[in-house]
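A.B. asks: One structure, as structure tokens, below. Some questions next.
The values are calculated or read from the model by the stated rules, or taken from the named source; none is laboratory data. This structure is a prediction, so every number in the text was calculated from the model and none was measured. FYI the Cβ positions are ideal-geometry reconstructions off the backbone, even for glycines, and counts take in every protein chain you see.
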Amino acid sequence: MKTFIHWAGIMLPVMVILIWGGVSLASSQKSATPFTLSLEDVEEGKLPPGWKVEATNPQGRLAEWAVVRHAGAPGEPRKVLSLTKIHDGSRGVFNLCWNPQVGFQDGVIEVKVRASTGAIDQGGGIIWRTRDANNYYVARYNPLERNFRLYFVKEGKRQMLADRGGLGIKTGEWFTLKIVHRGDIIEGYLNGEKMWNITDKTFQAAGGIGFWTKADAATSFGDLKVN
């Protein structure tokens with residue numbers, strides 16, 4: 001367009017381009033759509049709408065997950081989503097309950113977690129930027145090993161990115177797990193304390209979110225919030 005309008009000695013098209021550029025830059029900033037997993041209206045023994053059960057490297061029948069009532073102390077979730085039954089406790093199996101409809105790329109994921117049982121493993125945590133059952137990020141705490149770790153699982157193979165050991169959260173204790181992921185920067189928190197900060201580019205697109213356990217670990221999750 002070759003029309004020029006002068007105002008106070010400034011060509012208006014130049015001003016428009018500058019303003020449009022600022023809008024374009026602002027709109028390119030990625031943020032999560034706020035989401036809260038409400039379980040109070042979900043029938044016990046069922047899954048919340050949109051959630052499904054899968055596994056990475058399944059060797060037999062999938063684990064069973066369901067919403068159950070939790071009669072805990074004040075401040076603890078009243079209803080939780082739990083892995084209720086293990087059919088295959090093989091070491092290489094990762095049990096998933098996730099929602100592909102909640103697209104998460106950048107933002108904050110926070111959830112309350114309790115490791116209940118498991119002789120081989122008690123690792124439990126969250127997955128995000130999930131493409132499918134074989135491709136995702138996972139952060140988990142294991143009271144048997146007393147460590148909090150970040151991994152990516154790509155094509156069914158797991159690789160560790162960060163590790164914090166010597167932690168004191170025990171089996172049966174509720175704790176808060178939080179992930180802050182913006183661009184390539186991933187921060188992990190337990191009970192409000194930052195445990196690690198890592199840069200990784202394995203998965204950059206938005207993907208689903210969900211819960212994860214390993215082998216025979218039975219874990220409960222409640223009060224999930226995404227911002």
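A.B. asks: Which number in (1) on the phi > 0 side of the Ramachandran plot; (2) of a type outside the set (Ser, Thr, Tyr); (3) touching a Pro at 6+ places or on another chain (Cβ under 9 Å); (4) buried (at least 18 other Cβ atoms within 10 Å of the Cβ) marks the one condition that Gly172 misses?
C.D. replies: Failing condition for Gly172: (4).
Condition check ((1) farther than 23 Å from Ala55 by Cβ; (2) small (Gly, Ala, Ser); (3) not in a strand (DSSP E or B)) across all residues:
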| position | (1), (2), (3) |
| --- | --- |
| Trp196 | yes, no, no |
| Thr213 | no, no, no |
| Gly222 | no, yes, no |
| Lys225 | yes, no, no |
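A.B. asks: Let me ask you something else. Would you tally the residues in the stretch 124-157 being touching a Phe, Trp or Tyr at 6+ places or on another chain (Cβ under 9 Å), over 21 Å from Lys52 (Cβ atoms) and basic (Lys, Arg)?
C.D. replies: Counting residues in the stretch 124-157 that are touching a Phe, Trp or Tyr at 6+ places or on another chain (Cβ under 9 Å), over 21 Å from Lys52 (Cβ atoms) and basic (Lys, Arg) gives 1.
A.B. asks: Right, another one. Of all residues in the stretch 65-77, which are part of a loop (DSSP other than H, G, I, E, B) and without any contact (Cβ under 8 Å) to a residue 40 or more places away in the chain?
C.D. replies: Ala71, Ala73, Pro74, Gly75, listed by residue number.
A.B. asks: Taking Gly89, is it small (Gly, Ala, Ser), closer than 15 Å to Lys214 by Cβ, surrounded by fewer than 22 Cβ atoms within 10 Å (Cβ to Cβ) and at pLDDT below 95?
C.D. replies: yes
A.B. asks: Out of all the residues in the stretch 146-169, which are in contact with a strand residue (DSSP E or B) (Cβ under 7 Å, 6 or more places away or on another chain) and over 22 Å from Asp132 (Cβ atoms)?
C.D. replies: Listed by number, the residues that qualify are Asn147, Phe148, Ala162, Asp163, Arg164, Gly165, Leu167, Ile169.
A.B. asks: Still on this model: Any residue at all in the stretch 140-150 that is in a strand (DSSP E or B), over 26 Å from Leu167 (Cβ atoms) and out of contact with any helix residue (DSSP H, G or I) (no Cβ under 8 Å at 6 or more places or on another chain)?
C.D. replies: no
A.B. asks: Something else: Among the residues in the stretch 175-198, are any touching a residue at least 60 places away in the same chain (Cβ under 8 Å) and under 16 Å from Thr213 (Cβ atoms)?
C.D. replies: Yes, that holds for at least one residue.
A.B. asks: Return the residues of the stretch 127-152 that are more than 23 Å from Ser116 (Cβ to Cβ), surrounded by 20 or more Cβ atoms within 10 Å (Cβ to Cβ) and of a type in the set (Lys, Arg); say none if nothing qualifies.
C.D. replies: Scanning the stretch 127-152 gives a single hit, Arg129.
A.B. asks: Taking the residues in the stretch 47-64 that are assigned to a loop (DSSP other than H, G, I, E, B) and touching a strand residue (DSSP E or B) at 6+ places or on another chain (Cβ under 6 Å) as candidates, determine which candidate is nearest to Arg78 (Cα to Cα).
C.D. replies: Top of the filtered list is Trp51.
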